[in-house]
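Worksheet for the structure shown next.
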Amino acid sequence: MPNEKYIFVSYAKGISIDQMTDVFNFDKNIAFFYAEVQAPNDLPFGLLPFRDIENKNIIYPLGKFHGTWTSPELQLAYDNGYNIKVYYGYIFDKVDTYFDEYIDFLYKAKERSTRSHRSLYKSLLNNFLGRFGMRHDKGTTFIIDREVYDKLNTGYNLSAVQEINDNTFIINTDLIPTIKKTVNLPEFDSTAYYMNANAIINNRGIKNRNTNYSETSVMITSLVNAYARVYFN
């Protein structure tokens, strides 16, 4: 697992991963790299996942392509003959996993349990991973009147808008200004608008929940899934 501190590396023209020994080592570091990879010609199938945006699914292609991967996946590819050129990424020192005792306890409890207790322990194991992978940008749902709705709808990102009656709306918003909504309005004074909107937001007590989720970690979720893919390969 990665520790808390990291270094960021960037190479404008890319660098072969085996030339990064001054900053990165597969045995001592965990990393997330954006890289160009070239699969060897003798592989029957690819080893690195790639998101097919057009078909909205994950494929394992051969050939040359770019993407972002974890170092465990890149190590599997490297050991099987891939050429890997890194362009940028984040490098962490590798530390012992934080969750051995917790996972071991729940797994053993699940194995010796039946029925509802087994389902409970299984759910705790599954939700443990899911919790770390929760999105931060889901916004907050509010019930507001038309004055607030008209104000926010002019210059903020609103989603899942539902009109209850002429003066009541349910909205979901991250309260992030959306300039593209206002940029084409003639003689629009964005400074005055956002000052007025902020005053209304504060007076009505509208605020997002804290998005600094200390109990979530995209890194941990990514690595758990990456190690699982490596194991199955």
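Derivation of every value follows stated rules applied to the coordinates shown; laboratory data play no part. These numbers come from a predicted model, not from an experiment. We place every Cβ from the backbone using ideal geometry, glycine too, and count neighbours over all the protein chains shown.
Side notes on the structure shown:
- Considering only alpha-carbon pairs that sit under 8 angstrom and 6 or more positions apart, the relative contact order computed for the stretch 140-203 is 34 percent.
- Under the Karplus curve 6.51 cos²θ - 1.76 cosθ + 1.60, θ = phi - 60°, whole-Hz ³J(HN,Hα) for the stretch 144-158, x wherever Gly or Pro sits: 10, 8, 5, 4, 5, 4, 4, 5, 5, 5, 6, x, 10, 7, 10
- Added length on full extension, which subtracts the Cα-Cα distance from 0.36 nm per residue, residue 117 to residue 189: 19.9 nm
- Relative contact order, percent, the chain [alpha-carbon distance under 8 Å, six or more residues apart]: 21
- Cα shape, the stretch 44-171, gyration tensor, a/c 1.5 rule: oblate
- Of the GluC sites (Glu not before Pro) found in the stretch 1-95, those in coil by DSSP whose Cβ has at most 13 other Cβ atoms within 10 Å are 54.
- For the chain, a Kirkwood hydrodynamic radius built from all Cα pairs, placed in the Stokes-Einstein relation at 37 °C and 0.692 mPa s, yields a translational diffusion coefficient of 149 µm²/s.
- Sorted fewest first by neighbouring Cβ atoms within 10 angstrom, 218, 9 come out as 218, 9.
- Among 86, 68, 172 the positive-end extreme of the charge dipole of the chain (Cβ point charges): 172
- Residues 129, 74 arranged by fewest to most Cβ contacts within 10 Å: 129, 74
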